[in-house]
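Where a number appears in this text, it was derived from the coordinates with a stated rule and is not lab data. Since this is a predicted model, take the numbers as computed values, not measurements. All Cβ positions, glycine included, derive from the backbone under ideal geometry; neighbour counts span all protein chains shown.
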Amino acid sequence: MSKHQIDITKNVMAKIKTEKIKMKPKWYFWLGSLAIFIAVVGLTIFSIFLISFITFSLRSHGPMGIVRYQQIVSNFPWWALILVIVGLITGTILLRKYDFSYKKNFLFIILVFISAVLLAGVLINILGFDTFWINKGPMKRFYQQYNGNRQKLNNTIINNRRGKRPPQ
Amino acid sequence: MKDLNKLTDEQIIEIVRTKDKELYVEIVSRYQKKLLRYALFLIQDKTKAADAVQESFINAFINLNSFNLKMKFSSWIYRIVHNQIMNTFNKNKRELPLLDNIDFDSGKNIEIDFSKKEIKERVDRCINQMPIMYSEPLSLYYLEEKSYEEISDILRLPMGTVGTRINRAKVLMKKICQNTK
């Protein structure tokens, strides 16, 4: 045992003295922590926005039976759903990797996170923030595009009732 | 230097980080024996254990600025050794002992049957046959005399899980020791 002790001390200290190994600077770890923080916050905001957008999109298309179903299938933002799934998986990996969740039940943290994101997304929809975004804000055009589909749908239904073909 | 023994690990780390990096030798001398015992217990190979501890000291030095001085240094360095050993296991693809034909009971009365002293005496004889997920917390608790909280920090497990694993390890050890008498 003593032989190992001498070797370890000698080897480690020799590498330190000859500067073969160097301490990573503090900013390196601050940058890493900042990146993780931004990633988690960004992921949360992104997920809330997507949930809000999906509920907005569903509401925008209205309750119209088969037409509504077809409209939802054709216009549903499947890319958003895939992004939410990918985002949640990434978030889970980040939480695991960053090791700040081990003292609590990990499953509980994930469930609370998903519930909070879903609730926030639906609340935005109920409180009408998405309606506000149709007229103002950086997502104006994006929301208007999906809101515009509702107008197109209404026109199609009215034209069908009147026996008219929609303009090509 | 003369008051070095009075300094805590965390105080020494602060000096190493800001003033004198060669004072790291004090950290190495404080921990190498304990860490070698811990590594040897897990790896069962003196050379590999020494390599793992040496690599751990090097990694700890390189990442010393990431250590939070409000935390316990001992938990941090044990965690690094744990990770290093897990990497060694993965590299060597050592097959860990599996749990075959072993049933667990509630384990509530085990402490009555096994005092701490008795377990310490039997550890060396029986421990090698246990799966690492049970033997590691047991060794940290009885051999390294770590608290549940420290083991939780080292193994990154909730405290409840640490307690459960230690209790199960005691049950398992009782069965193994009875069979190997």
So for R0 = 41 Å, FRET eff. of residue B:7-residue A:110 from the Cβ-Cβ r, to 0.05, ends up at 0.45
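Please average, across the residues of A:9-16, the number of beta carbons from any other chain that are within 10 Å of each residue's own beta carbon, and give a whole number.
On the way: counts 7, 3, 5, 13, 7, 0, 5, 10.
Counting Cβ atoms of other protein chains within 10 Å of each residue's Cβ and averaging gives 6.
Taking the convex hull of the Cα atoms, report for the range B:4-92 its projected area averaged over all directions, in nm². Provide the component values of the computation, followed by the final result.
Working: hull surface 22.6 nm².
If you wrap the Cα atoms of the range B:4-92 in a convex hull and average its projections, you get 5.6 nm².
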The simple spin-label model distance between residue A:24 and residue A:7, using points 7 Å out along Cα→Cβ, in nm, is 2.8
Average other protein chain Cβ within 10 Å of Cβ, residues B:49-61: 4
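Using only atoms on other chains, find how many Cβ atoms lie within 10 Å of each Cβ of peptide A:24-35 and report the average.
Numbers: counts 6, 1, 4, 1, 3, 4, 2, 0, 1, 1, 0, 0.
Other-chain Cβ atoms within 10 Å of each residue's Cβ, averaged: 2.
Sort B:76-82, B:65-71, A:121-127 by the packing proxy (mean of other Cβ within 10 Å over each peptide's residues), most packed first. Could the numbers behind the result be given before it?
Details: B:76-82: 21.9, B:65-71: 12.6, A:121-127: 16.4.
Peptide ranking by packing, descending: B:76-82, A:121-127, B:65-71.
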Once the piece of chain linking residue A:118 and residue A:35 is laid out straight, how much longer is it, given 0.36 nm per residue of separation minus the C-alpha distance between them? 27.4 nm
Between the modelled labels at residue B:19 and residue B:46 (7 Å from Cα along Cα→Cβ) the distance in nm is 3.9
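Students often get this wrong, so check it: of A:15/B:34; A:26/B:91; A:24/B:6; A:24/B:70; B:48/B:174, which have C-alpha atoms separated by over 26 Å? The partial results should precede the final answer.
Numbers: A:15/B:34 22 Å; A:26/B:91 31 Å; A:24/B:6 28 Å; A:24/B:70 19 Å; B:48/B:174 29 Å.
Long pairs (Cα-Cα over 26 Å): A:26/B:91; A:24/B:6; B:48/B:174.
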